[in-house]
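Worksheet: the structure to be examined is printed underneath.
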Amino acid sequence: MKKLAGKAVWLLCLFALPVSAQKAPFKPVFTNMTEFGMAFGQVRYNVNLATENVKKRQNLTAQTFNGIQLRPKLALGGTVGVDWYNTVLLTPVCAGLRYDLAQPAKKNLRVFTSLDTGYSFTWFNEDPTGYETRGGWVISPGVGFRIGRPQNANFIMSFSYKRQEAETDKPLGWNEIYKIENRVYNRVALRLGVSF
């Protein structure tokens, strides 16, 4: 009887122990998000010394994020884009971060956040005679949706805020030593794209 009770205790201990399969470790992989869309904002400008106007603006924007998926939810990399404003074409080059808020393996619809920060350049901009435009600092936080399985190509819709600085030297007028216009572009961007 004691032998049978001892075996029963061992069997109960075996069933009581938690059983788990070994999970394969996550391997970092390349990831890409390419998006196109519109940026919306308002511009305040002087018509002459006494009159100031405010106008709504819609501008084209495109960007591509290329990086490494370090964890199932976290990707780090770089973002290169093109933002066309009415008077200047800026090329922001940024460090980027993407973070999934939902469990990637369990859902086909995932919410992600993004943060890009860096510097914009005027490589493709053509200034009128007498003007010289230079880029400036950029920061762009955002949120978006990915539709599709994590291991396949996904459709993306993102919504972000972008603050972009620029500076322009203008032609000198009578009795002027220098004339610089500092610009700050504050835009809300809505983009569609793909990721893989």
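Some points to look at:
- For region 51-117, a Kirkwood radius taken over Cα pairs fed into Stokes-Einstein (10 °C, viscosity 1.306 mPa s) yields D = 112 µm²/s.
- Across region 89-169, Cα pairs under 8 Å and at least six residues apart give a relative contact order of 30 percent.
- Computed E for Asn86/Ile147 - FRET, C-beta separation, R0 41 angstrom, nearest 0.05: 0.80
- Protection proxy ranking, peptides 71-83, 122-134, average beta carbon neighbours within 10 Å, highest first: 71-83, 122-134
- Partner aspartates and glutamates for Lys179 [C-alpha distance under 15 Å; skip if fewer than 8 residues away on the same chain]: Glu132, Glu167, Asp169
- Modelled this way, with points 7 Å down the Cα-to-C-beta line, the labels at Lys170 and Arg134 are 1.8 nm from one another.
- Heavy atoms of Ser195: accessible area, 1.4 Å probe, square angstrom to 10: 0
- Orientation-averaged projection of region 103-196 equals 7.7 nm² [convex hull of Cα atoms, one quarter of hull surface area].
- Burial ranking of peptide ranges 57-67, 34-44 (average Cβ count within 10 Å, highest at the top): 57-67, 34-44
- Spin-label model, Asn32 to Glu52: label points 7 Å out along the Cα-to-beta-carbon direction sit 4.5 nm apart.
The values are calculated or read from the model by the stated rules, or taken from the named source; none is laboratory data. Owing to the predicted nature of the structure, the values given are computational and were not obtained by experimental measurement. Using ideal geometry, Cβ is built from the backbone for each residue, glycine included, and neighbour counts are taken over all protein chains shown. Areas reflect the complete protein model, heavy atoms only, side chains present, ligands, DNA and RNA absent. Shrake-Rupley method; radii C 1.70, N 1.55, O 1.52, S 1.80 Å.
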